[in-house]
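Here the structure comes first, spelled out in structure tokens, and everything after it is commentary.
The values are calculated or read from the model by the stated rules, or taken from the named source; none is laboratory data. Given the structure is predicted, the values throughout are model-derived calculations rather than measurements. No Cβ is skipped: glycine too gets one built from the backbone with ideal geometry, and neighbour counts run over all protein chains shown.
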Amino acid sequence: MRMRFRLVGAIVAMLSAFGVLTPAVASAAPATVQVTCNQPTHAFISPAGPTYPRGTVLTLAGIVQPGTRVIFDFYRKNQSPFLGDVPFLRFGTTFARSNCVIDERDGDNTVNTAIFPTATTSVYASYVRWEDGVVVLNQFYGKIFLV
């Protein structure tokens, strides 16, 4: 039991350092989430892909626990966080509002594919689920293909 609390503490510290959690959420004791959102937790990129012309502006958003955000990691073609690779781009969205929404209309949540170094990019997302407060690390989102 003691080891579990140390592990949870280490994960909270890491997510705080990456900016996934706000200080208020990071310092709060684990509790049942008291919010109800109209959609299941998910990260998303719009417009829907996976193929885009180079120079397309992508909007990064999601539905997550209020006060948290999604961290998107972009890797070159055959790279992965599970192979110890470092992403060429790490992007943290704005924080979710009380309704769990990271607003895709917020201009701060955009990235231009012109900066991508390769034509094929693997995308992973890390976030906190609103339904149960579980931290999801490096979930494979999909591939982006530039033409």
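Of everything in region 61-80 that's of a type outside the set (G, A, S) and at pLDDT below 95, which residue is surrounded by the fewest Cβ atoms within 10 Å (Cβ to Cβ)? For region 61-80, the residue satisfying everything is N78.
Contact map, region 41-61: residues that are under 16 Å from N138 (Cα atoms) and touching a residue at least 60 places away in the same chain (Cβ under 8 Å) paired with residues that are of a type in the set (K, R) and part of a strand (DSSP E or B), Cβ distance under 8 Å, separation 6+ or inter-chain. No pairs are found. Pairing each residue of region 126-147 that is touching a residue at least 24 places away in the same chain (Cβ under 8 Å) with any residue that is surrounded by 14 or more Cβ atoms within 10 Å (Cβ to Cβ) and acidic (D, E), provided the two are 6+ apart or on different chains, yields C-beta distances under 8 Å for S126/D73; N138/D73. Applying the condition of being out of contact with any strand residue (DSSP E or B) (no Cβ under 8 Å at 6 or more places or on another chain) and not acidic (D, E) to region 106-147 and asking which residue is surrounded by the most Cβ atoms within 10 Å (Cβ to Cβ) yields G133. The residue that is modelled with the lowest pLDDT, counting only those in region 94-146 that are in a helix (DSSP H, G or I) and not polar (S, T, N, Q), is G107. The number of residues in region 81-93 that are surrounded by 14 or more Cβ atoms within 10 Å (Cβ to Cβ), over 13 Å from the mean Cα position of the chain (by Cα) and not in a loop (DSSP other than H, G, I, E, B) comes to 1. Considering every residue within region 82-91, establish whether at least one is in contact with a strand residue (DSSP E or B) (Cβ under 7 Å, 6 or more places away or on another chain) and acidic (D, E). Checked against the condition, which is being in contact with a strand residue (DSSP E or B) (Cβ under 7 Å, 6 or more places away or on another chain) and acidic (D, E), region 82-91 yields at least one hit.
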